[in-house]
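The structure under discussion appears below in the form of structure tokens.
The values are calculated or read from the model by the stated rules, or taken from the named source; none is laboratory data. This structure is a prediction, so every number in the text was calculated from the model and none was measured. Here the Cβ positions follow ideal geometry from the backbone for every residue, glycine too, while neighbour counts run over all protein chains shown. Calculation scope for accessible area: heavy atoms of the full protein, side chains included, ligands and nucleic acids excluded. Shrake-Rupley method; radii C 1.70, N 1.55, O 1.52, S 1.80 Å.
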Amino acid sequence: MLVFSPSELTQIFDSLISNFQPSLRNSQPANTLYLLARFACLTCDHTWLEDLIIGATDTIEETFFVSFLT
């Protein structure tokens with residue numbers, strides 16, 4: 001299980017999503033986000049999970065539009 005703080009989410013998203021070079025058969029970002037979500041569900045309140053899911057979704061969407069549509 002991975003542990004995080006909401007104040008660290010920006011750095012986590014940068015390393016997992018924004019700065020990650022995608023490749024086939026590399027599910028590291030998805031597995032890490034799953035473990036972070038599991039931590040938020042099991043040990044924190046719903047706002048931690050909401051911040052994680054919405055933040056990850058926004059970062060994925062922003063990364064997609066910046067890299068693939070420019």
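So here's what we get for this one:
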| read-out | value |
| --- | --- |
| Meets criteria (open to solvent by 70 Å² or more (accessible area, probe 1.4 Å), touching a residue at least 40 places away in the same chain (Cβ under 8 Å) and within 12 Å of the chain's Cα centre (by Cα)) for ILE60 | yes |
| Qualifying residue in segment 22-42 (condition: of a type in the set (A, V, I, L, M), touching a Ser or Thr at 6+ places or on another chain (Cβ under 6 Å) and within 15 Å of THR63 (Cβ to Cβ)) | no |
| Where SER23 falls short, out of the listed (1) out of contact with any Phe, Trp or Tyr (no Cβ under 9 Å at 6 or more places or on another chain); (2) of a type in the set (Ser, Thr, Tyr); (3) in a helix (DSSP H, G or I) | (3) |
| Some residue of segment 17-26 being over 12 Å from LEU2 (Cα atoms) and in contact (Cβ under 8 Å) with a residue 24 or more places away in the chain | yes |
| Candidates ALA40, ALA56 - the one that is aliphatic (A, V, I, L, M) and in contact with a His (Cβ under 9 Å, 6 or more places away or on another chain) | ALA40 |
| Flag if LEU52 is surrounded by 11 or more Cβ atoms within 10 Å (Cβ to Cβ) and either touching a residue at least 12 places away in the same chain (Cβ under 8 Å) or of a type outside the set (Lys, Arg) (or both) | yes |
| Lone qualifier among LEU42, LEU33 - being open to solvent by 40 Å² or more (accessible area, probe 1.4 Å) and part of a helix (DSSP H, G or I) | LEU42 |
